[in-house]
1. Run the dipole for segment 182-247 about the Cα centre, Lys and Arg Cβ at +1, Asp and Glu Cβ at -1, nothing else charged, and hand back the magnitude in debye, nearest 20.
2. Among 6, 63, 133, which residue has its Cα positioned farthest towards the positive end of the charge dipole of segment 1-147, with +1 placed on the Cβ of Lys and Arg, -1 on the Cβ of Asp and Glu, and the dipole taken about the Cα centre?
3. From Cα coordinates alone, what are the radius of gyration and Dmax values for segment 257-342 in angstrom?
4. How much of the pair distance distribution for segment 66-109 lies past 13 Å, counting alpha-carbon pairs only, in percent?
5. Where does segment 441-514 land on the Kirkwood hydrodynamic radius, alpha-carbon pairs, in angstrom?
6. Any idea what the dipole of the chain comes to, in debye rounded to 20, about its Cα centre with Lys/Arg Cβ at +1 and Asp/Glu Cβ at -1?
7. Please report Rg over Rh for segment 493-608, where both radii come from the alpha carbon positions and Rh follows the Kirkwood definition.
8. Tell me whether segment 156-304 comes out rounded, prolate or oblate; compute the Cα gyration tensor, take square roots of the eigenvalues as a ≥ b ≥ c, and use a/c under 1.5 as the rounded threshold.
Amino acid sequence: MAHTKAWLESSFSYSELTLGEGIELLPGAQNELERMKDSTSPLQLILRQADLDPDAYCLKNNGEEVHLEASDPAGFLYGLFALQGGRTCGESRPSKSLRMINHWDNMDGSIERGYAGRSLFFDDGEFLCDAASRERQKHYARLLASVGINAISFNNVNVDERASRLLLEEDAEALAALCRIFLDYGITPYLSLNFASPITIGGLDTCDPLDPKVISWWEKAFAEFFAREHGVQGFVVKADSEGRPGPFTYGRNQADGANMLARALSPYEGRLIWRAFVYNSQQDWRDRSIDRARASTDYFRELDGAFDENVFLQIKHGPIDFQVREPITPLFYTLRATNIILELQVTQEYTGHQIDLCYLGPMWEDILAQDLPEDMGIAAVSNVGLDENYFGHALAGANLYAYGAYAWNPKSKSKEILQSWFRRTYGSVEASSFLEKMQGSWATYEKYTAPLGVGFMVREHYHYAPSVEAYEYSRWGTYHRANRDGIGIDRTVATGTGYTGLYPEPLASMFENVETCPENLLLFFHHVPYTHVLQNGKTLLQWIYDSRFEGYEEVLAMAEAWHDLKGKVPEQDFLNVQERFERQLYNAREWRDQVNTYFYRFTGIPDAQGRRIYP
Ligand code: GCV
């Protein structure tokens, strides 16, 4: 099946090319130059070496000649993509040197939390390397490079037995061929690693990071792996998390585990990306002394400065798990001597499964507007798969595009990104009314799902559609604590789990105090009575009712605005989105009615506006 071009339609062509002295081009840049060549174009393209930052480019245009300057091959590549996107002058440099996409693809071809079909890379335990798969992989590499992504991990962080064997000789050739496709586009390949590999594939009886047998096993494994020269630059590791083994199993700390691997990687300049998503997923809901939100900060803050220099700690933006609204994980404010990577989720695990329209640009704009370390890297879980349009929902392409834009420039404006994506995908179609609603689609999603940062309330494991109490008595540590008087988790120092105290001032006091806590996070930090009066004068309960009704109405309005684009966007995309709006409406209605009924049954307080709440 052929994939759509997504936003890769070039609006630039040249007839003559001049290459300055000493310029080195990536094979991907050579391909792009080929594509843009058109003997009827009035423009000359001149590439020159200049003293710019890594990956940066500068474009100048006098109407006849377009000059592209850069200091390295990646800079030329990004400049060529900028030209294709319609930019012919100005300078640009990325603010982050690591801009990564993580795949959660399994080698059987399934994708954990994937909503756009099967894997682009694997099927049935093998690499996909037929001609059609290669074409798609190349196109995908172009798509990523066009928005500045420069690193990729191919396989799921939950590494099964098959994927553990990626380290071995048997996959070397296929792995090298896949890596080459991405390297050609300036994208450095990584793999996810099984911390228990010495047991799973090595025949040892332990993976204790301080055991000399284990250390030599890894040294030998990496020596053999890197001798094959496929271009892999490092590994992503999920350890001590959700059933994955790790250093805790042996009474060691997280730095013991990460540093052991990092030291074995250092002769090859390998990097170790260690995920901070470490928590106890066997919690007893009765035990209120454990707060999952605290876990990553409790485990890692005391290790600041203890990690080797080739270790990067990858931290999810929020302390729980990619909910529609979470505060920033405290570690971002407290780690000072550790390399860190911010982890976002492009795939819509908790934000509508690419069935519901949820443009995530505004969420990332909010996150990146916080005072985060400037020199951190950025990574995000991919939302693509074998579906013809790549994304399942044709409009979910905006999320990958926006992620690239934020990875390049964290100060980007989500509204401008959306307009740019739409123009490059659908041309100059007048769609301002629809785009305004799409810009608000994250806020809309938040309105009809779990209120004010309380999180979850979704169907267990599946993570789509309402199920208000599905997690309330589970082992996952994600409780909303609703009772007949109120709802929310008391995370204060004064009376709760003490989580607010993990933030530096003035954030700690702001979150601690119910009056100063940002209202959209009220139930994340506080257990509040339904009669609590919000800033807009409504009670919490009335606010819950109102926003569920509004959320549903907003989905209706989005679906109607989309209808006006019939005949203006390609029929296939029109129908794809229309069908998804029907499912989104069903979902939003279920959320509205299940959440409202849940609270109405608890409180017996009717809606002040007399709308129908099912008893
Ligand atoms: C890859 C959440 C998801 C899991 C995912 C995990 C992680 O818990 O539901 O599917 O596992 O996050 O980030 O490791």
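The values are calculated or read from the model by the stated rules, or taken from the named source; none is laboratory data. All values reported here derive from a predicted model rather than from experimental measurement. Note: ideal-geometry Cβ built from the backbone for every residue, glycine included; neighbour counts use all protein chains shown. Remember, those area values only see protein heavy atoms, side chains included, never the ligands or the DNA or RNA. Shrake-Rupley method; radii C 1.70, N 1.55, O 1.52, S 1.80 Å.
1. Dipole size: approximately 60 debye.
2. It is 6, whose Cα lies furthest towards the positive end.
3. 14.3, 48
4. Every Cα pair in segment 66-109 considered, those over 13 Å come to 65 percent.
5. Across segment 441-514, the inverse of the average 1/r is 13.9 Å.
6. 1180 debye
7. Ratio value, two decimals: 1.14.
8. Judged from the Cα gyration tensor, segment 156-304 comes out prolate (a/c at least 1.5, a/b above b/c).
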